[in-house]
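The values are calculated or read from the model by the stated rules, or taken from the named source; none is laboratory data. These figures come from a predicted structure and were not determined experimentally. Using ideal geometry, Cβ is built from the backbone for each residue, glycine included, and neighbour counts are taken over all protein chains shown. Accessible surface is based on the protein model in full, side chains and every heavy atom, while ligands, DNA and RNA are left aside. Shrake-Rupley method; radii C 1.70, N 1.55, O 1.52, S 1.80 Å.
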Amino acid sequence: MKRLKFANGDTMPALGLGTWRSKPNEVYEAVLHAIKTGYRHIDCAHVYKNEKEIGDALNRAISEGWVKREELWITSKLWNDSHLKADVLPAMETTLKNLQLDYLDLYLVHWPVAIKKGVDFPSGPGDFLTYQDAPLSETWMAMETLWDKKLARHIGLSNFNTQKLDEIRKDARVQPEVNQVELHPYLPQEKLKAYCDKNAIWLTGYGPLGAAYRVANDEVDHPILLEDEDLKMVAQKHQATVAQVVLAWGMKRGTSVVPKSTNPQRITENFGALQISLDEADMEVIQNLKGPFRYTPGPAWVDNGSPYSYSDLWEENI
């Protein structure tokens, strides 16, 4: 397993299992199959509403001796309705209870926007909190307290652009060590990656295979990444699948990737990306693909009378 090393010596597996949109009745078996296959990194979030079932799977795998807790890397995320200082610790405690764990390896602020307690996704202006109501700096201070309490071994961010990273970093007592963002060959995030490399922040790519379901649902009008003809040629060269090539590309760049699946065959296939060794010619082909295409534009956070804009979320020059 390829690993990304932190300043304290901890290492995060570069390939993990994503659990976004994994149904509760499917994610239990998916996590167990992933662990049997060799995965040691599971990416979770409170808003996915499946952490209880993931916790049941983790508890079984650990209690039956399939794996030791210290061999696993478990990530979860603080939802947008818990950005107020008083809400951060209870949110973490809920996640730990659901996952049946004493600590997380990594806890992330899920988005740089805040909504009122109990809201999953906003439907009107009354559902939002502004930066004045819930300053990001205060949310981060509460995250640092979780680190102090050893409830999270590492803390970081998700969907933060360089401007918002600067806002956190300038006053941080504990620096963010990870930023999880949409990252794939159609959205290589070169500017953000250069910033994170310079400031010792690991990037994790969600949606690393693109998000064909968003195209199918007419959420975006983009080409489907896994149908790219140039990627198919690289895959044929390596006798691999396009998905394996795309994941191998992410890991070769020094990022971690968390492809989501509940299909046992796909979970096994994705794990095979660890055996793919792309050369410089392959990387050049991929570097020159069309784009950028963002499959997760995030309209929920800028519509419905929101006080936020896309510049609060994404790099304006990628």
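Numerical summary
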| item | result |
| --- | --- |
| THR130-ASN8 pseudo-label distance in nm [points 7 Å out on the Cα-to-Cβ vector] | 3.7 |
| Using alpha carbons only: equivalent-ellipsoid semi-axes of the chain, gyration tensor based, whole Å | 29, 24, 19 |
| Estimated Rh, region 159-318: Kirkwood, alpha-carbon pairs, angstrom | 16.7 |
| Antiparallel DSSP beta bridges within the chain, percent to nearest 5 | 20 |
| For the chain, size of Cβ-based charge dipole, Lys and Arg +1, Asp and Glu -1, in debye | 780 |
| List ARG60, ARG40, ARG21, ARG173, ordered by accessible area with a 1.4 Å probe, largest first | ARG173, ARG21, ARG60, ARG40 |
| Across LYS232/LYS260; LYS52/LYS149; LYS85/LYS198; LYS193/LYS252; LYS23/LYS232; LYS2/LYS85, pairs whose alpha-carbon gap is larger than 25 Å | LYS85/LYS198; LYS23/LYS232; LYS2/LYS85 |
| Summed residue charge, Cβ within 15 Å of THR241's Cβ, Lys/Arg positive, Asp/Glu negative | -3 |
| Rounded percent of accessible protein surface that carbon and sulfur make up, region 1-77, 1.4 Å probe | 46 |
| Computed over the chain: relative contact order in percent, which uses C-alpha pairs under 8 Å that are six or more apart | 20 |
| Region 1-102: equivalent-ellipsoid semi-axes (sqrt of 5 x gyration tensor eigenvalues, Cα, Å) | 22, 18, 13 |
| Under 13 Å from the Cα of LYS191 - aspartates and glutamates, other chains or at least 8 residues apart | GLU315, GLU316 |
| For the chain: accessible area per residue (Å², 1.4 Å) | 44 |
| Apportionment of accessible area to carbon and sulfur, region 211-298, percent (1.4 Å) | 45 |
| Relative pair counts by distance (%), Cα atoms of region 278-318, 10 Å bins | 23, 34, 23, 15, 5 |
| Nearby aspartates and glutamates by direct alpha-carbon distance to LYS116 (threshold 17 angstrom, same-chain neighbours under 8 apart not counted) | ASP81, ASP87, ASP127, ASP133, GLU138, ASP303 |
| Rounded to 5, percent antiparallel among DSSP beta bridges of region 87-221 | 20 |
| Net charge dipole size for region 194-276 [Lys, Arg +1 and Asp, Glu -1 on Cβ; Debye, nearest 20] | 420 |
| Euclidean distance of C-alpha centroids, region 138-187 and region 104-129, integer Å | 15 |
